[in-house]
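The values are calculated or read from the model by the stated rules, or taken from the named source; none is laboratory data. Worth saying up front: this structure is predicted, and the values here are computed from it rather than measured. Neighbour counts run over all protein chains shown; Cβ positions are idealised from the backbone, glycine included.
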């Protein structure tokens, strides 16, 4: 039984929430309590499978799972030189992302139990589980077309959830912006997949990477496909100057969804990394792409931090901070990619290049935790006061003691103060990107200081000051909400106190998987 | 030359779709533009798999001496059409709700988020 779970974990992790999602509307008709229990159990099982899979991948290396084959490892049926079936390919980076997605969804679900009340809650949980399916599918798959399908599942369910409070009007506006931009990006991804299929007759990413391995096979069509994939995934990842949908979507979504949306954006970021590091890394001019990633990162940091300054809506402000955090990740990954280009295939990457990659990948996890915690607190404030305007809020620390403590933790982490997790990854980023150009580090540090100033300001205006008469009857947020915030806060403090443990055990396998392109190709085509 | 006509149609469709998305202010027209863009991409996939003189990819029906067109792009297109219908339905239902709330379909007048 245990072996069976370990062997089939890559498909079980997608199938469990998918099955539960379709079961939810049926169970919802019978009993609300039963529905909550079922959704909870399904998400918990997915979380456990994610950790089982992670342990398996960290111990034994890359896992390949062939759908519909005689055995799960049979990627090439006899007589074929290219994979013909849908293959799930799970390496260190995939399970790293899967842990982020399942953990945020689990915490977000706990939070939703007390946040989402009344009509439509059955549909809410269906869409919530579909979102989890979309994220996990994107992270597990080794097939480009599959990636497109899961990208669309993710976009449609996220858009519907952003518009969950449709009667307020504004969420509809955010949602239509999101769905039009997402489906536009997805269509260009599909067009790029068509171009690649026309060129190589392949859809599998490992096999494609094997084909696009030299300058000779890197044709004009393949270059166009790369540009389309790169632009679409950067758009979906919300890097400035393509960030315009992001603060709206984050700002109008219901409490927990804002946090899960951060993880959903990271899934697109993962697809970007997969395309750059695995499919194209041998053929493209990696130093140019590295510099483009660095510039996108710097622009995102700058725009995110400065635009956050002028916001008066609490959740939109945190949304702009999320843009800046994406910038940090792109900056560090860009430096790593730039350095990887210098050594070529088989060489050893320079120490600061490795540090930058570690910092960037570590920051993916920290971004979800920091911004997620702030969104949860903001959601609790809105739940209690029904108000999100910073000019009208005030004096909430009198009634919401625990929430204000969690806000301080989140604020310190997002602006990179020790001893929290934000500091652990940001110090890795500061000390490594400095080598490429000192300007990058200066902008990164300045933006962090900026963010501290902004968050101190909103902490002051929301929580400090005398008790306001209009919020006199407000109580502390429900226990389940506080509990889910506490889970995130504990993980953050743990990451901040033992960064070495996290980097060695979780981040390094992911970084090694990103750099090990030959392993990814070899596991599909065999014998490389 | 004649076999390139579908590819030219793809270019024209995608260009029309992109134009509508970029320059039209009416939400319904934007939705139409997205659909035209999607048709262009679907046509592109189908055209890729076409081989002159070959029949539909049904193995048992294959006349001797003739090949089949590629089945994979057709499977991709079917999936993409199904997804496209779901997205379009969602967009249109959002537009209906927006019209009820805002009383307009002009995207330039939807600025409540920025206030």
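Odds and ends about this structure:
- Residue match in segment B:92-107 (condition: surrounded by fewer than 17 Cβ atoms within 10 Å (Cβ to Cβ), within 13 Å of another protein chain (Cβ to nearest Cβ) and under 18 Å from the mean Cα position of the chain (by Cα)): yes
- Any hit, segment B:61-73, residues being within 27 Å of residue A:181 (Cβ to Cβ), at pLDDT 90 or above, in contact with a helix residue (DSSP H, G or I) (Cβ under 8 Å, 6 or more places away or on another chain) and facing chain A (nearest Cβ under 8 Å): no
- The set of residues in segment A:462-487 being touching a helix residue (DSSP H, G or I) at 6+ places or on another chain (Cβ under 9 Å) and over 30 Å from residue A:109 (Cβ atoms) consists of A:464, A:465, A:466, A:467, A:468, A:470.
- Residues (over 21 Å from residue B:46 (Cβ atoms) and either under 12 Å from the mean Cα position of the chain (by Cα) or within 12 Å of chain A (Cβ to nearest Cβ) (or both)) located in segment B:2-28: B:20, B:21, B:22, B:24, B:27, B:28
- Counting the residues of segment A:422-455 that are surrounded by fewer than 23 Cβ atoms within 10 Å (Cβ to Cβ) and over 20 Å from residue A:306 (Cβ atoms) gives 8.
- Among the helices (runs of 4 or more DSSP H) confined to segment A:476-525, the ones with at least 3 residues that are closer than 27 Å to residue A:375 by Cβ and more than 20 Å from the chain's Cα centre (by Cα) are located at A:479-497.
- Selection count, segment A:230-250, where residues are within 30 Å of residue A:106 (Cα to Cα), over 17 Å from the mean Cα position of the chain (by Cα) and outside any loop (DSSP other than H, G, I, E, B): 1
- Considering only residues in segment A:8-61 that are in contact with a strand residue (DSSP E or B) (Cβ under 8 Å, 6 or more places away or on another chain) and surrounded by fewer than 20 Cβ atoms within 10 Å (Cβ to Cβ), the one that is nearest to residue A:141 (Cα to Cα) turns out to be A:11.
- Helices (runs of 4 or more DSSP H) completely within segment A:90-181 that count 1 or more residues being within 14 Å of another protein chain (Cβ to nearest Cβ) and either under 30 Å from residue A:59 (Cα atoms) or out of contact with any helix residue (DSSP H, G or I) (no Cβ under 6 Å at 6 or more places or on another chain) (or both): A:121-140, A:144-162
- Scanning segment A:204-219 for residues that are free of Cβ contacts under 8 Å to residues at least 40 places away in the same chain and part of a loop (DSSP other than H, G, I, E, B) yields A:216, A:219.
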